[in-house]
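Working notes, beginning with the structure itself.
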Amino acid sequence: MGRIKKNIRGWSASQKIATGRQRLNALANNSNFPNASMWLPPFQSAQDDLSAAHGDVAVKRGEYRSAVTRAKAAEKRWDQEYGFLAARVELESRGNDAPMVGAGFKLRGVRTAAQLPAAPQGLHATIGDWPGRIDLSWDGMDNARSYVVEMSTEGPSGGWKQTRISARSSCTIKELASGTKYWFRVAAIGTAGQGPWSNPVQKMAP
């Protein structure tokens, strides 16, 4: 569902007047908004008021201070009515982007939900530098904050126990029983949670 960008902070009064004129022209007799005549008048009034007030500032130098005060009040009202106008266009469009874009409005980007990381690839086990140690390494992943490592002595189908949490794509498993076969697997943990397990690998502890 599209959403209209309503951030008008930093716009000059001239920009608002020009934008208001464009929006009014785009919405007038627009078949996508058959009820526009019911909710356009308040914004038209705010547009006219801002245009007149802004003109006063430029023309009536002798009444500059009061004209500026009026212009600021008119601009504040325009801001409010523009928000109401955008909300009404969203409502009448029923979430369809085309009518909103056709009326001259820019749409906000849609945030996508964080996705679980995929299963790590390239898991590899090698004999460590000391007895009872096995070194593990795998391909790093950009969307992983850390990795959880499990091992089993019962084979790849069961008996898994967590043995390490690693912030890197490698670790050393220590204090293993020499001559015992171990199976290892790893899963990535991202902002959305833990992803699926990698394919297991097997190695005999030295």
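Around the Cα centre of segment 1-89, unit charges on the Cβ atoms of Lys, Arg, Asp and Glu (plus for the first two, minus for the last two) sum to a dipole of about 320 debye. Given axes a ≥ b ≥ c from the Cα gyration tensor, I'd like to know whether segment 3-108 is rounded (a/c under 1.5), prolate (a/b larger than b/c) or oblate. Because a/c hits 1.5 or more and a/b exceeds b/c, segment 3-108 counts as prolate. Provide the FRET efficiency to the nearest 0.05 for the residue 178-residue 114 pair, computing r from the beta carbons and using R0 = 35 Å. It comes to 0.25. Mean projected area of the Cα convex hull of the chain, taken over all directions, amounts to 18.8 nm². Remark: relative contact order (segment 124-204) = 34 percent; criterion is Cα-Cα distance under 8 angstrom and separation of 6 or more residues. Taking the charge dipole of segment 3-108 about its Cα centre, with +1 at Lys and Arg Cβ atoms and -1 at Asp and Glu Cβ atoms, the residue from 55, 10, 26 reaching farthest to the positive side is 10. Computed on the chain, with alpha-carbon pairs under 8 angstrom and 6+ residues apart, the relative contact order is 20 percent.
Based on the Kirkwood approach, the hydrodynamic radius assigned to segment 102-202 is 15.1 Å, with every pair of different Cα atoms included. Cross-link reach is defined here as a Cα-Cα straight distance under 29 Å, omitting same-chain residues fewer than 8 places apart; for residue 16 the lysines meeting it are 5, 6, 60, 72, 76, 106. In a reduced charge model with +1 at each Lys and Arg Cβ and -1 at each Asp and Glu Cβ, the chain shows a dipole moment near 560 debye about its Cα centre.
Where a number appears in this text, it was derived from the coordinates with a stated rule and is not lab data. For clarity, every value in this text was computed on a predicted model and none was experimentally measured. Counting neighbours? That spans all protein chains shown, and the Cβs are built from the backbone with ideal geometry, glycine included.
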